[in-house]
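Before any comments, here is the structure.
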Amino acid sequence: MRILLFLLFITTSFTPLFSQVEILTNEQINTLFPSSVQKNFAINFPIYRAYKYSDKTGQYYCLLTENIDKIVNRKDTLHTKIKAVNLKVEKSSFVKVWEINDFVLAKEKQESNIWFWTKYTSFNDIDKDGLVDPIIVYGTAGANGYDDGRIKFIIYYKGQKYAIRHQNGVLDFERETQVDKAFYSLPKTIQASIQQKMEAMTENNQAIFPAGWQVAMQKQQTTFNERR
């Protein structure tokens, strides 16, 4: 009953039809998503971040969860698995819309950590059609940290999933980006938003995309690297 009342309160507390994205407090998370609710949706990792957003189809919550594998130097937490769950509020309860699962490639890539990159994750109506276009971004750290880790962009547009996968590399020939062919069918505004995030990652020294990647995307290439 407490969860139902809290759901009713937060769904009627805002007068705008479509609210801005909101990051939930720990208290809100604990009230809305107690262990019983988490169990229903197989949420087995701690909730690192929870977002609330609305569009013309209703109200949603996106939970980003990361396991805690070990703590290094008493402050750096390493994660080997992550899970994102998107829930819709229906009749004062939750219905799962989609989920994302991933993990480190410890043996193949010598990866030690995987985590959500919330700086680049967004829940905006990019093409102004009344529907939020979730973009979830996460990455890994390899033996050389960011320099040989992987990055993934997951885009949900009108219920369909689109992905861009990138492998960083210390050496030129190690870098490669793979783009779902269907990505190029997305509205230009969404494509531009992803490219802006890619440029920001480059400026922040978190990604090294293959030389000429902007031109490759203009040509709608699905794989580009620096192997000649």
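Right, Tyr48: modelled with pLDDT of 95 or more and under 30 Å from Ala143 (Cβ atoms) or not? So Tyr48 fits the description; yes. Of all the residues that make up region 135-183, how many are under 19 Å from Gln218 (Cβ atoms), more than 19 Å from the chain's Cα centre (by Cα) and surrounded by fewer than 21 Cβ atoms within 10 Å (Cβ to Cβ)? Adding up the residues that qualify gives 2. Of all residue pairs spaced 6 or more apart or on separate chains, those with beta-carbon atoms under 8 Å, a first member in region 214-228 that is among the acidic types (Asp, Glu) and a second member that is surrounded by 11 or more Cβ atoms within 10 Å (Cβ to Cβ) are Glu226/Asp172; Glu226/Phe173; Glu226/Arg175; Glu226/Pro210; Glu226/Ala211.
Within region 198-222, being within 20 Å of Lys188 (Cβ to Cβ) and β-branched (Val, Ile, Thr) holds for Val215, Thr222. Restricting Ser35, Ser54 to residues that are at pLDDT 95 or above and in contact with a Ser or Thr (Cβ under 6 Å, 6 or more places away or on another chain) narrows the list to Ser54.
Would you confirm whether any residue within region 170-193 is free of Cβ contacts under 8 Å to residues at least 40 places away in the same chain, of a type outside the set (A, V, I, L, M) and assigned to a strand (DSSP E or B)?
Let us first name the residues in region 170-193 that are free of Cβ contacts under 8 Å to residues at least 40 places away in the same chain, namely 170-171, 174, 182-186, 188, 191-192.
Narrowing further to those that are of a type outside the set (A, V, I, L, M): 174, 183-185, 188, 191.
Those still in the list that are assigned to a strand (DSSP E or B) too: none.
No; the residues of region 170-193 include none that is free of Cβ contacts under 8 Å to residues at least 40 places away in the same chain, of a type outside the set (A, V, I, L, M) and assigned to a strand (DSSP E or B).
Can you find, within region 203-221, the residue that is farthest from the chain's Cα centre (by Cα) among those that are within 17 Å of Asp148 (Cα to Cα) and crowded, with 16+ Cβ neighbours inside 10 Å? Ranking the candidates gives Pro210 first.
In summary, Ile71 fulfils each of the numbered conditions (1) of a type in the set (A, V, I, L, M, F, W, C); (2) buried (at least 16 other Cβ atoms within 10 Å of the Cβ); (3) in the same structural domain as Ile23 (by TED's automatic domain parsing) with the single exception of condition (2).
The conditions of being in contact with a Lys or Arg (Cβ under 8 Å, 6 or more places away or on another chain) and of a type in the set (Lys, Arg) are not met by Lys119.
Among what's in region 56-105 and is in contact with a Phe, Trp or Tyr (Cβ under 7 Å, 6 or more places away or on another chain) and free of Cβ contacts under 8 Å to residues at least 24 places away in the same chain, pick the residue that is nearest to Ile154 (Cα to Cα). So, considering only residues that are in contact with a Phe, Trp or Tyr (Cβ under 7 Å, 6 or more places away or on another chain) and free of Cβ contacts under 8 Å to residues at least 24 places away in the same chain, the one nearest to Ile154 (Cα to Cα) is Thr65.
The values are calculated or read from the model by the stated rules, or taken from the named source; none is laboratory data. From a predicted model like this one, the values you see are computed outputs, not experimental measurements. Cβ coordinates were reconstructed from backbone atoms using ideal geometry, including for glycine residues, and neighbour counts include every protein chain displayed.
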